[in-house]
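Worksheet: the structure to be examined is printed underneath.
The values are calculated or read from the model by the stated rules, or taken from the named source; none is laboratory data. Note that the coordinates shown come from a computational prediction; the quantities given were computed from them, not determined experimentally. Methodologically, a virtual Cβ is constructed for each residue, glycine included, from the backbone with ideal geometry; neighbour enumeration extends over all protein chains shown.
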């Protein structure tokens, strides 16, 4: 009998993917500061704000005094996101030192199994956090450099992972009045890998032969890269007739956890007291979910030029509904 071999049916594999869900510590991609988010997260070329520790540490160098801010958001899927930062100029050096703490927490929930779907009586929670320390200095009056070192931790129940990472940024005030350029690389570091007591077990590696049983083993999880993000941005600030001021921003972003995108933002301020903001995030990103951002702020300036600020931001996340952020800030001269 003559057998004719038939060619195997060809298979098409999808290669044009967005890389979403392929990085560890994805909470590091959550934007910081209600003002920045209301302007579409287009904040790379801003300066003089303590939140620059997240977007571009080089922008910290233009702080005039002690500055601190706190941001809170009821994040997606009933999680809580919080961020606190404080920054102060260095004595005898034209530079600034800053520190921050970022946290994403999942409320305590029941442990459920197939055999006990109503709960085993145990509870678990999860928390991600990062501690950041930054130094920024003006090398010349119009150019600054910033470097950050951060400790990153992730935990779910008894499993955890930790890692160190670096951020580096530059900022330049161009000769054109009001125009600034900024660039930064965030979260540069080794992969993260979970480990913990629930990854250990006792097994029998050979069910046929006796004498080899109850062998302790430890399961090894895969490592995943940190969400490295390269940002490049422009900011243009111009005074308007009367007491108005207009700030427009644009940022390009190349992340490892998604495709390239662009963000834009605009802010109108009146009398350095009340601000209205709008922006759009992730233009041209494949599989983008969020986009439109809106917000505003109030600022009160004392006679000694100290400032107190309240900012609010709204983000539209489509099927994942909406996110509201608030930021409280203080700047002392």
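Key figures
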| quantity | calculated |
| --- | --- |
| So residue 79, is it under 30 Å from residue 146 (Cα atoms) and either touching a strand residue (DSSP E or B) at 6+ places or on another chain (Cβ under 6 Å) or free of Cβ contacts under 8 Å to residues at least 60 places away in the same chain (or both) | no |
| Residue list for region 71-96, filter: in a strand (DSSP E or B) and over 21 Å from residue 124 (Cα atoms) | 71, 72, 73, 83, 84, 85, 86, 87, 88, 89, 95, 96 |
| Region 278-316 - residue that is in a loop (DSSP other than H, G, I, E, B) and touching a strand residue (DSSP E or B) at 6+ places or on another chain (Cβ under 6 Å) and, of those, farthest from residue 79 (Cα to Cα) | 306 |
| Condition met for residue 257 (surrounded by 18 or more Cβ atoms within 10 Å (Cβ to Cβ), in contact with a helix residue (DSSP H, G or I) (Cβ under 7 Å, 6 or more places away or on another chain) and not in a strand (DSSP E or B)) | yes |
| Check on residue 102, over 27 Å from residue 181 (Cα atoms) and either under 20 Å from the mean Cα position of the chain (by Cα) or surrounded by fewer than 16 Cβ atoms within 10 Å (Cβ to Cβ) (or both) | no |
| Residue match in region 194-202 (condition: closer than 21 Å to residue 58 by Cβ and part of a strand (DSSP E or B)) | no |
| From 93, 97, residue being loosely packed, with under 15 Cβ neighbours inside 10 Å and touching a residue at least 24 places away in the same chain (Cβ under 8 Å) | 93 |
| Boolean, residue 241 is surrounded by fewer than 14 Cβ atoms within 10 Å (Cβ to Cβ) and either assigned to a loop (DSSP other than H, G, I, E, B) or at pLDDT 95 or above (or both) | yes |
| So residue 153, is it closer than 27 Å to residue 107 by Cβ and under 17 Å from the mean Cα position of the chain (by Cα) | yes |
| Complete set of residues in region 248-276 that are more than 20 Å from the chain's Cα centre (by Cα) and in contact (Cβ under 8 Å) with a residue 60 or more places away in the chain | 266, 267, 275 |
